[in-house]
Amino acid sequence: MSVARVSTSQSTICVLLLGVLGFMMSAQVAIAMPALFKADERAHAAYAVALSQGTLPTIDTDIPDDPVRYPQLADSLFGADEAHRDIWVANHPPLFYVMSLPLVWLGDAVGSPGVTLLGMRLLNALGFALTTIMVGFVARELVPRRPVVPVIASAMALGCGAMTFVGGGIYNDGWSSAAAFLTLYLGFRMVRRGVTRERLVAATAVGVAAAGFRSTGLVAVLFLGACVLMAMWLREPSLRTFLRTTLWRAVGLAACVGLAPVVVFGWFYLRNIRLYGNPTASGFLFEKFGREPDGTTFSQLVDPGFYGHLLSSLWADGNISNAWGQVAAVVLTLTAIGLVMEVVARSGPPGAGFLQRTRLAPQATAEHRQDRVIWTLLGCYCLLILVNVAGFVAGGGWIHARYAVPFLPFLAAGAALAALRLGRLVPQRAPADDETRDLRIGLGVSLAFMVVGLMCHLDTEQHVDGPVSSTFALAALVAADLVMFAVAAYVATQLRRRMQPSEFDTAPAPVAPVTDIARDRPQDSTADARTSRPT
């Protein structure tokens, strides 16, 4: 089956540029922030060190206290209680730490453990940069007929100050989030385009990686299986036909997707059950650190303060000023208002001004069903993650920005749609069609999110005591700042140049899904597209 080669779209290039800027901002934090400054960094670093010594640690394994070989780790243990002298993050699967092994070996080879610590920070920064990119790609699957939405979505992720700040620490969250979003993205692509062997193999491989980074990756794998089922169902002309002819084939494929992570990493989760009583060792850790329960999962879910704390953490986490948490309230309020206006504009009679309907490319009935399925699947994914976080907090856990990252694709896509609607309130100097107006609004909103992200970034405490000792530490910090601003200026210039009507993506034409795993069956989406009208 031949595949036509297509050039990289302008929206994709813009999303990739925002990812590059995100990496540079996180790299600046990684270079400047003192070694093992953030919570859990020393435990994550010690996990990789233990693996390099041939030991798979438990949450009771001691952090290496060797002032000669690992002076930063030894110094960080000064005054720590017994619980915090252990590798308490050993309940996580080992994939991120296996990826870090070359960095440990490099640090040992050059006799500088700071190289290992900086390398692990930059590895996480790369993961968060990929997460920023994947937010845009998932948003594209959610809103395929508005090409500017992925750019705004990635810009919003970049504008969350905690994203780039946490990206500069030693965490496995960058890669786990990127793998989970890529798993969902590949699942949504199958809903859109059909289940082929190549897509199924790629999605399964990424799903295995997601499960190998964090236990939350298993949730993404669960919904990947649901995507396979929905894709096979949408391929059939009716539910009855699906139940009679395709159901068991679809169930078998979904089961294969779900079993792959079990085959590769199931031993680790069984090990956790044997050692701690459950796959994530949450209860064991709560007891280890003396955490007190805080209500029930349900009480957390009905508490508005829980949501406020969770979402505001995206802008105020760690040593970022709490004042930046107000950005969350502003963004969410504007998003809610904009989405209500968008619903009114779509469902009501043709209006004028800011409530005028947007002229979009024709959409087939099959594509409309795909939209609803994808939004529903992502909504259920976010709901399941939300219940998991609420249960963690109810058990005595704390909220960090890392726990709010899984909601970014859903929030960012909604914020992008709201921004395009609210942007109509701003008077334009010259009349423009819908595409040109969207591009102008998208450029302005994207640049605004970039500025917010940079301002939040600069409001954090600047250090000159990074993990790698250097006589020129101050010069290194200044150089990192200059490079970051140079990249920001370049990205802003490129966004302005590329987000022009003459160059930017046109809305995709309706495409009939293809499923080479299922039985070939004629599709009627082309006829539907001819009879559909813009909304």
Margin query: Among the residues of the stretch 141-181, what is the count of those that are among the hydrophobic types (A, V, I, L, M, F, W, C) and over 30 Å from Pro362 (Cβ atoms)?
Written below: 12
Notebook entry, point to check: Within the stretch 59-67, is even one residue touching a Pro at 6+ places or on another chain (Cβ under 8 Å) and either loosely packed, with under 14 Cβ neighbours inside 10 Å or assigned to a loop (DSSP other than H, G, I, E, B) (or both)?
Noted result: no
Checklist line | Complete set of residues in the stretch 369-385 that are open to solvent by less than 10 Å² (accessible area, probe 1.4 Å) and among the aromatic types (Phe, Trp, Tyr) | finding: Tyr381
Checklist line | Whichever residue in the stretch 327-348 is open to solvent by less than 20 Å² (accessible area, probe 1.4 Å) and at pLDDT below 85 and, among such residues, is nearest to Val445 (Cα to Cα) | finding: Ala345
Note to self: Residues that are open to solvent by 10 Å² or more (accessible area, probe 1.4 Å) and either touching a helix residue (DSSP H, G or I) at 6+ places or on another chain (Cβ under 6 Å) or modelled with pLDDT of 95 or more (or both), at least 3 per element: which helices (runs of 4 or more DSSP H) completely within the stretch 158-226 meet that?
What the structure shows: 173-193, 197-213
Item checked: Selection from the stretch 227-241 of residues that are part of a loop (DSSP other than H, G, I, E, B) and of a type in the set (Gly, Ala, Ser) -> Ser238
Check: Out of all the residues in the stretch 374-403, which are closer than 22 Å to Leu334 by Cα and at pLDDT below 95?
Finding: Ala401
Checklist line | Count of the stretch 76-88 residues which are surrounded by fewer than 22 Cβ atoms within 10 Å (Cβ to Cβ) and not in a helix (DSSP H, G or I) | finding: 7
Check: Hey, any hits in the stretch 124-146 for a residue that's surrounded by fewer than 24 Cβ atoms within 10 Å (Cβ to Cβ), hydroxyl-bearing (Ser, Thr, Tyr) and either closer than 25 Å to Ala46 by Cα or touching a His at 6+ places or on another chain (Cβ under 9 Å) (or both)?
Finding: no
Next item on the list: Tell me which residues, restricted to the stretch 254-309, are open to solvent by 80 Å² or more (accessible area, probe 1.4 Å) and among the charged types (D, E, K, R).
Entry: Arg274, Glu287, Glu292, Asp294
Check: Here is a list of conditions, (1) at pLDDT below 80; (2) over 30 Å from Gln326 (Cα atoms); (3) open to solvent by less than 40 Å² (accessible area, probe 1.4 Å), and Leu477 meets all of them except one; can you say which number that is?
Finding: (2)
Next item on the list: Check Val15, Val110 and return the single one that is out of contact with any Pro (no Cβ under 7 Å at 6 or more places or on another chain) and of a type in the set (Val, Ile, Thr).
Entry: Val110
Note to self: Return the pair list, or none, for Cβ contacts closer than 7 Å from residues in the stretch 77-90 that are in contact (Cβ under 8 Å) with a residue 12 or more places away in the chain and farther than 22 Å from Thr280 by Cβ to residues that are of a type in the set (Asp, Glu) and surrounded by 12 or more Cβ atoms within 10 Å (Cβ to Cβ), at least 6 apart or on different chains.
What the structure shows: Leu77/Asp65
Check: So which residues in the stretch 33-48 are open to solvent by less than 10 Å² (accessible area, probe 1.4 Å) and touching a residue at least 60 places away in the same chain (Cβ under 8 Å)?
Finding: Met33, Glu41, His44, Ala45, Ala48
Margin query: Between a residue in the stretch 495-506 that is assigned to a loop (DSSP other than H, G, I, E, B) and at pLDDT 90 or above and any residue that is surrounded by 13 or more Cβ atoms within 10 Å (Cβ to Cβ) and not small (Gly, Ala, Ser), which pairs come within a Cβ distance under 6 Å, given they are 6 or more apart or on different chains?
Written below: Met499/Leu439; Met499/Leu443
Notebook entry, point to check: Just to be sure, is Asp108 in contact (Cβ under 8 Å) with a residue 40 or more places away in the chain, on the phi < 0 side of the Ramachandran plot and acidic (Asp, Glu)?
Noted result: yes
Check: When the stretch 313-326 is examined, which residues are found to be in contact with a helix residue (DSSP H, G or I) (Cβ under 7 Å, 6 or more places away or on another chain) and open to solvent by 30 Å² or more (accessible area, probe 1.4 Å)?
Finding: Gly318, Trp324
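The values are calculated or read from the model by the stated rules, or taken from the named source; none is laboratory data. What you see is a predicted model, and the numbers here were worked out from it, not measured in a lab. Backbone-built Cβ (ideal geometry, glycine too); neighbour counts: all protein chains shown. Accessible surface areas use protein heavy atoms only, side chains included; no ligands, DNA or RNA. Shrake-Rupley method; radii C 1.70, N 1.55, O 1.52, S 1.80 Å.
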